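> Handing you this structure, nothing more for now.
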Amino acid sequence: MRFPRGRRLLVTAVVALLATAAVVVIVHRVLAPAEVSTVARADYPAPARPAAGVIGRLPAAPLIVDGRLRVYAAHRQVYADRPVDGRYRTTPYWSYRRWPAELTGVVASGSTVVSRWSDGRLVALDARTGGVLWRTDGPEPAESAALVRRTGATTVWDAPGLQLTDLPDGRIVLVVTGGAQARGVELSGGQELWRVELPGRCWSDVGTAAGQLIGLDTCAGAATVEFRDAATGAVRERWRPPNGPDGLVLTPLGCRTGRSDCLGLRTAAPGDDGGRGWLLGTGPPVAAPALDSAGAALVGEQSVAVLDGVVVGRSARTGTELWRSAGLGAARVLAGQPGRVHLLTEANDLVTLDPVTGRQLSRFALNVGSDGTGWAPGAVTAEDGFVAVERLREPVDPAGDDRRYYYTGEAVILAAT
């Protein structure tokens, strides 16, 4: 049976229209902005208290959240696994994915995990379930020259332009910087507290301390440190170290995580190994010579440094020597956290000391399976009694691809101290 010519043309047109509509629907589904939230289907795990020693190795850098979960960053996804002391990465406990935006930073406080995306979107997740707590817009992230490698360590351990700080009234503020703008967002509900315009590339954020955003302003004349109130966005103080150089390199010290809620600061001229140490509070920085050395770490109120093979603990405020610990050889201070300072020996033993007394809390080789200890340390984090370290292939080639750069496929070693 044959259709008349006119009807055949009509049928052909209808079929073509339906095919076009189907293609449009498919393209829209594939390319349209979307988010996928896969929430937890199991109970929130209890905090883990494993014995001191190596726990395992992981292919991605974990952010320890609430002492219960490990949170990871992927290209377009933030996800968590459990238990926190699991030997390997496991099936996600929860997951949150966006398209086509890329994940640029993750920070956490308590059971709230905040993710930042390349379009400026901020999304807070409940660590207990993975469900979305709030969404809001922030400034788009500034372009960064830092290379984001496969472990995602930069994204979760030192999120650029994304810091937290505690206010005196108990509120926690998320401070977000990017491009030529900074914003303050209340962590509990995502409410924007303030936004200010910044000069641009001649201004850079350094971290947060005592309810303030610290910035370095090089826009006019000598470099100046700027302290901005995290509750209002107003500049509290502009400061330069007495007799300091025109150019400044700032290193935050004693931070809670990443560059959030730091207790001190080191100022130096470009290219200098050492510098001048300062303690931070609500007033002007206070000189702390015990922090002048580039290898000195600030842990609580103590400065810890290795001097001629001896670990020395001093009061950061007065410089008074508190203790000495010999016998570690060519060790280096790796990281600190409340009640613990971690050192790495030449043989890649992880040694943990009490920063107040110098008492040794634990010591063991950072080795897992048959991997050995012939590696160099890369990025590191320490929180909730855990230490995670990237292992790099020696000699370290900063320009090498990931296969050359990392020691193994599972490059991150996780330990309990």
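The values are calculated or read from the model by the stated rules, or taken from the named source; none is laboratory data. If you're wondering where the values come from, they're calculated on a predicted model, not measured in any experiment. For neighbour counting, all protein chains shown are included, and Cβ atoms are generated from backbone atoms with ideal geometry for every residue, glycine included. The area values use the complete protein model at the heavy-atom level, side chains included, leaving out ligands, DNA and RNA. Shrake-Rupley method; radii C 1.70, N 1.55, O 1.52, S 1.80 Å.
> Please pick out the residue among Asp66, Asp81 that is over 13 Å from Ala388 (Cα atoms) and out of contact with any strand residue (DSSP E or B) (no Cβ under 7 Å at 6 or more places or on another chain).
Asp66
> Here is a further query. Which members of the range 149-183 meet the condition of being under 16 Å from Arg259 (Cβ atoms) and either touching a Cys at 6+ places or on another chain (Cβ under 7 Å) or not hydrophobic (A, V, I, L, M, F, W, C) (or both)?
Thr154, Thr155, Asp158, Pro160, Gly161, Gln163, Thr165, Asp166, Thr177, Gly178, listed by residue number.
> Further question: Quick check on my filter: what residues within the range 401-417 are outside any strand (DSSP E or B) and among the aliphatic types (A, V, I, L, M)?
If the condition is that a residue be outside any strand (DSSP E or B) and among the aliphatic types (A, V, I, L, M), then Ala411 is the only one that fits.
> Can you name every residue in the range 356-373 that is among the hydroxyl-bearing types (Ser, Thr, Tyr) and open to solvent by 30 Å² or more (accessible area, probe 1.4 Å)?
Of everything in the range 356-373, those that are among the hydroxyl-bearing types (Ser, Thr, Tyr) and open to solvent by 30 Å² or more (accessible area, probe 1.4 Å) turn out to be Thr357, Ser370, Thr373.
> Quick one: count up the residues across the range 367-387 that are touching a residue at least 40 places away in the same chain (Cβ under 8 Å) and either out of contact with any strand residue (DSSP E or B) (no Cβ under 6 Å at 6 or more places or on another chain) or more than 16 Å from Cys255 (Cβ to Cβ) (or both). Show your work before the answer.
Of all residues in the range 367-387, those touching a residue at least 40 places away in the same chain (Cβ under 8 Å) come to 367-369, 371, 377-387.
Then drop every residue that is not either out of contact with any strand residue (DSSP E or B) (no Cβ under 6 Å at 6 or more places or on another chain) or more than 16 Å from Cys255 (Cβ to Cβ) (or both), which leaves 367-369, 371, 377-378, 385-386.
Number of matching residues: 8.
> Would you mind listing the strands (runs of 3 or more DSSP E) fully within the range 319-373 where at least 1 residues are farther than 11 Å from Gln302 by Cβ and aliphatic (A, V, I, L, M)?
On the way: elements: 321-325, 332-337, 340-344, 349-353, 360-365.
Here the list reads 332-337, 340-344, 349-353, 360-365.
> Filter the range 39-62 down to residues that are in contact with a Lys or Arg (Cβ under 9 Å, 6 or more places away or on another chain), open to solvent by less than 10 Å² (accessible area, probe 1.4 Å) and either in a loop (DSSP other than H, G, I, E, B) or not aliphatic (A, V, I, L, M) (or both), then give me how many there are.
Residues flagged as in contact with a Lys or Arg (Cβ under 9 Å, 6 or more places away or on another chain), open to solvent by less than 10 Å² (accessible area, probe 1.4 Å) and either in a loop (DSSP other than H, G, I, E, B) or not aliphatic (A, V, I, L, M) (or both) within the range 39-62 amount to 3.
> Also, quick follow-up: Given (1) of a type in the set (Val, Ile, Thr); (2) outside any loop (DSSP other than H, G, I, E, B); (3) open to solvent by less than 10 Å² (accessible area, probe 1.4 Å), identify the lone condition not met by Val380.
Among (1) of a type in the set (Val, Ile, Thr); (2) outside any loop (DSSP other than H, G, I, E, B); (3) open to solvent by less than 10 Å² (accessible area, probe 1.4 Å), Val380 violates only (3).
> Next up: What pairs come out if I take residues in the range 337-360 that are on the phi > 0 side of the Ramachandran plot and in contact (Cβ under 8 Å) with a residue 12 or more places away in the chain and pair them with residues that are part of a loop (DSSP other than H, G, I, E, B) and open to solvent by 30 Å² or more (accessible area, probe 1.4 Å) whose C-beta lies under 6 Å away, six or more apart or interchain?
Asn348/Thr373
> Applying the selection to the range 75-106, what residues are assigned to a loop (DSSP other than H, G, I, E, B) and in contact with a Pro (Cβ under 6 Å, 6 or more places away or on another chain)? First the steps, then the outcome.
From the range 75-106, those assigned to a loop (DSSP other than H, G, I, E, B) are 75-76, 82-93, 100-102; that's our starting set.
Matches in the range 75-106: Arg82, Pro83, Asp85.
> So, in the range 262-308, exactly how many residues are open to solvent by less than 40 Å² (accessible area, probe 1.4 Å), under 19 Å from Trp239 (Cβ atoms) and either at pLDDT below 95 or in a loop (DSSP other than H, G, I, E, B) (or both)?
Number of matching residues: 8.
> Right, another one. Would the range 340-350 turn up any residue that is of a type outside the set (Lys, Arg), at pLDDT 95 or above, within 19 Å of the chain's Cα centre (by Cα) and open to solvent by less than 10 Å² (accessible area, probe 1.4 Å)?
Yes, some residue in the range 340-350 is of a type outside the set (Lys, Arg), at pLDDT 95 or above, within 19 Å of the chain's Cα centre (by Cα) and open to solvent by less than 10 Å² (accessible area, probe 1.4 Å).
> On to the next question. Residues being closer than 19 Å to Tyr72 by Cα, open to solvent by less than 20 Å² (accessible area, probe 1.4 Å) and outside any strand (DSSP E or B): count how many of those fall in the range 107-166.
Summing the residues that are closer than 19 Å to Tyr72 by Cα, open to solvent by less than 20 Å² (accessible area, probe 1.4 Å) and outside any strand (DSSP E or B) in the range 107-166 gives 10.
> Further, regarding this structure: With respect to Leu353, is the statement that it is in contact with a helix residue (DSSP H, G or I) (Cβ under 7 Å, 6 or more places away or on another chain), open to solvent by less than 20 Å² (accessible area, probe 1.4 Å), of a type outside the set (Gly, Ala, Ser) and under 28 Å from Ile55 (Cα atoms) true?
So Leu353 does not fit the description; no.
> Separate question: State yes or no: is Thr251 open to solvent by less than 40 Å² (accessible area, probe 1.4 Å), assigned to a strand (DSSP E or B) and within 19 Å of Arg240 (Cα to Cα)? Break it down into steps so the answer makes sense when it comes.
Working: open to solvent by less than 40 Å² (accessible area, probe 1.4 Å): no; assigned to a strand (DSSP E or B): yes; within 19 Å of Arg240 (Cα to Cα): yes.
So Thr251 fails the test.
> Can you say whether Thr177 is under 30 Å from Arg391 (Cβ atoms) and outside any loop (DSSP other than H, G, I, E, B), as far as the supplied structure shows?
Working: under 30 Å from Arg391 (Cβ atoms): no; outside any loop (DSSP other than H, G, I, E, B): yes.
So Thr177 does not fit the description; no.
> Mind checking which pairs have a first residue in the range 182-201 that is of a type in the set (Asp, Glu) and a second that is in a loop (DSSP other than H, G, I, E, B), Cβ under 7 Å, 6 or more apart or different chains?
Glu186/Arg171; Glu197/Ala180
> Find the residue count for the range 197-230, including only residues that are at positive phi and either open to solvent by less than 20 Å² (accessible area, probe 1.4 Å) or in contact with a Cys (Cβ under 7 Å, 6 or more places away or on another chain) (or both).
Final tally of qualifying residues: 3.
> Of all residues in the range 63-105, which are under 23 Å from Leu164 (Cα atoms), open to solvent by 10 Å² or more (accessible area, probe 1.4 Å), touching a helix residue (DSSP H, G or I) at 6+ places or on another chain (Cβ under 9 Å) and not hydrophobic (A, V, I, L, M, F, W, C)?
Within the range 63-105, just Thr104 meets the criteria.
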